[in-house]
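**Student:** One structure coming up, written as C-alpha cells, with questions to follow.
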Amino acid sequence: MAKNEIKYLTAIKQEKPKKKYCRFKKYGIKYVDYKDIEFLKRFLNEQGKMLPRRLSGNSLKYQRKVSDAIKKARQMALLPYVTDLLK
Amino acid sequence: MNNYELMVIFTPILSEDEFKNAQKKYSELITENAGTVVHSNPWGLKSLAYPIDKKTTGIYWVIEFTADASFNEKLKIALLRDEQVMRHMVTKLDKYAVEYNAVKKSGVGFNTQKQEA
C-alpha cells in the first residue's frame with residue numbers, strides 16, 4: 001500500500017472475514033450418509049434445526065443432499081425433530 | 001436390478017433369537033425374490049431420539065441388498081404387516097453411496113453404530 005499517504009496513529013483493522021467454502025467440494029465427499037449422525041450434527045443448531053447455506057457455506061447441490069439426509073435421520077429417530085441443547 | 005438399503009427399527013421387547021429370526025426372515029425374502037444380500041449390519045438396541053409408539057428404545061438393523069424395483073412393494077407389505085417392526089425405510093443407493101458403503105465396510109475404526117443419537 002505505497003500510495004496510501006495518510007498515516008494513522010493506530011493501525012486500522014484489515015481483517016477480512018474468512019471466505020466460506022463448500023466442504024463437500026473441497027474434500028470431495030460425494031455421498032451424505034444419513035446414518036452418520038455426528039457428521040450431520042455439524043449442520044444443525046442447538047434446537048436441531050438445519051443451518052442455512054449462508055452460515056454453512058454449502059453449495060446448493062450438497063445443501064439439498066444434507067437436507068435429505070437429515071430428514072431421513074429424523075424419520076428413523078436418529079435425530080430429533082425438536083429439542084433443546086443438542087450437542 | 002438396483003441397489004437398496006433397508007433400515008428397520010424393531011420393538012425393544014424382542015429377544016436375541018427373535019431378532020435373529022426376523023433378520024433371517026427378511027434376508028430370505030430378498031433372496032427368494034431374485035435379490036442378493038450385500039451386507040447386513042445389526043446395530044442392536046439403541047435409544048431413540050424421540051418416542052415411537054410410547055417406546056424410548058428400539059433394535060436397529062441395516063441391510064444392503066440388490067433387487068428388482070418391483071420387489072419393494074412386496075417388502076413394504078411384509079414389513080407393515082409385521083407387528084415386530086416399529087418403523088422401516090428403504091433407500092435407493094446411487095453409485096457414490098455404493099462406493100461409500102464399500103469403503104466403510106473395509107475401513108477400520110469407522111463405526112457409526114457406536115455413536116449415540
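The values are calculated or read from the model by the stated rules, or taken from the named source; none is laboratory data. Since this is a predicted model, take the numbers as computed values, not measurements. Note that each Cβ is placed from the backbone with ideal geometry, even for glycine, and that neighbours are counted across all protein chains shown.
**Student:** In region A:72-86, what residues are in contact with a helix residue (DSSP H, G or I) (Cβ under 8 Å, 6 or more places away or on another chain) and either part of a helix (DSSP H, G or I) or facing chain B (nearest Cβ under 8 Å) (or both)?
**Tutor:** Start the filter on region A:72-86 by keeping residues that are in contact with a helix residue (DSSP H, G or I) (Cβ under 8 Å, 6 or more places away or on another chain), which leaves A:73, A:78-81, A:86.
Of everything in region A:72-86, those that are in contact with a helix residue (DSSP H, G or I) (Cβ under 8 Å, 6 or more places away or on another chain) and either part of a helix (DSSP H, G or I) or facing chain B (nearest Cβ under 8 Å) (or both) turn out to be A:Ala73, A:Leu78, A:Leu79, A:Pro80, A:Tyr81.
**Student:** Another question, then. How about region B:7-117: which helices (runs of 4 or more DSSP H) wholly inside it have at least 1 residues that are buried (at least 17 other Cβ atoms within 10 Å of the Cβ), hydrophobic (A, V, I, L, M, F, W, C) and within 13 Å of chain A (Cβ to nearest Cβ)? Give the derivation first.
**Tutor:** On the way: elements: B:16-32, B:71-81, B:95-106.
In region B:7-117, the matching helices (runs of 4 or more DSSP H) lie at B:95-106.
**Student:** Looking only at residues in region A:20-54 that are loosely packed, with under 12 Cβ neighbours inside 10 Å and part of a helix (DSSP H, G or I), which one is farthest from the other protein chains (Cβ to nearest Cβ)?
**Tutor:** Checking each candidate, the answer is A:Arg54.
**Student:** On to the next question. Being more than 13 Å from chain B (Cβ to nearest Cβ) and either in a helix (DSSP H, G or I) or within 16 Å of B:Tyr96 (Cα to Cα) (or both) is the filter here, so list the residues in region A:55-66 that pass it.
**Tutor:** Looking only at region A:55-66, we keep the residues that are more than 13 Å from chain B (Cβ to nearest Cβ), and these are A:55-60, A:63-64, A:66.
Matches in region A:55-66: A:Leu55, A:Ser56, A:Leu60, A:Gln63, A:Arg64, A:Val66.
**Student:** Take B:Lys92 and decide whether it is modelled with pLDDT of 90 or more, farther than 26 Å from A:Lys71 by Cα and within 14 Å of the chain's Cα centre (by Cα). So that I can check it myself, show each step before the final result.
**Tutor:** Details: modelled with pLDDT of 90 or more: yes; farther than 26 Å from A:Lys71 by Cα: no; within 14 Å of the chain's Cα centre (by Cα): yes.
No; evaluated as a whole, the condition is false for this residue.
**Student:** What residue, among those in region B:39-52 that are in contact with a strand residue (DSSP E or B) (Cβ under 8 Å, 6 or more places away or on another chain) and in contact (Cβ under 8 Å) with a residue 40 or more places away in the chain, is nearest to B:Val103 (Cα to Cα)? Quick ask: steps written out before the conclusion?
**Tutor:** Step one: of region B:39-52, the residues in contact with a strand residue (DSSP E or B) (Cβ under 8 Å, 6 or more places away or on another chain) are B:39-48, B:52.
Next, from what is left, pick out any that are in contact (Cβ under 8 Å) with a residue 40 or more places away in the chain: B:39, B:41, B:43-44, B:46-48, B:52.
Working: B:His39: 13, B:Asn41: 15, B:Trp43: 18, B:Gly44: 22, B:Lys46: 24, B:Ser47: 27, B:Leu48: 27, B:Ile52: 32 Å.
Taking the candidates together, the pick is B:His39.
**Student:** Do we find that A:Lys7 is surrounded by 11 or more Cβ atoms within 10 Å (Cβ to Cβ) and either among the basic types (Lys, Arg) or assigned to a loop (DSSP other than H, G, I, E, B) (or both) in this structure? Walk me through how you get there before you give the answer.
**Tutor:** Numbers: surrounded by 11 or more Cβ atoms within 10 Å (Cβ to Cβ): no; either among the basic types (Lys, Arg) or assigned to a loop (DSSP other than H, G, I, E, B) (or both): yes.
So A:Lys7 does not fit the description; no.
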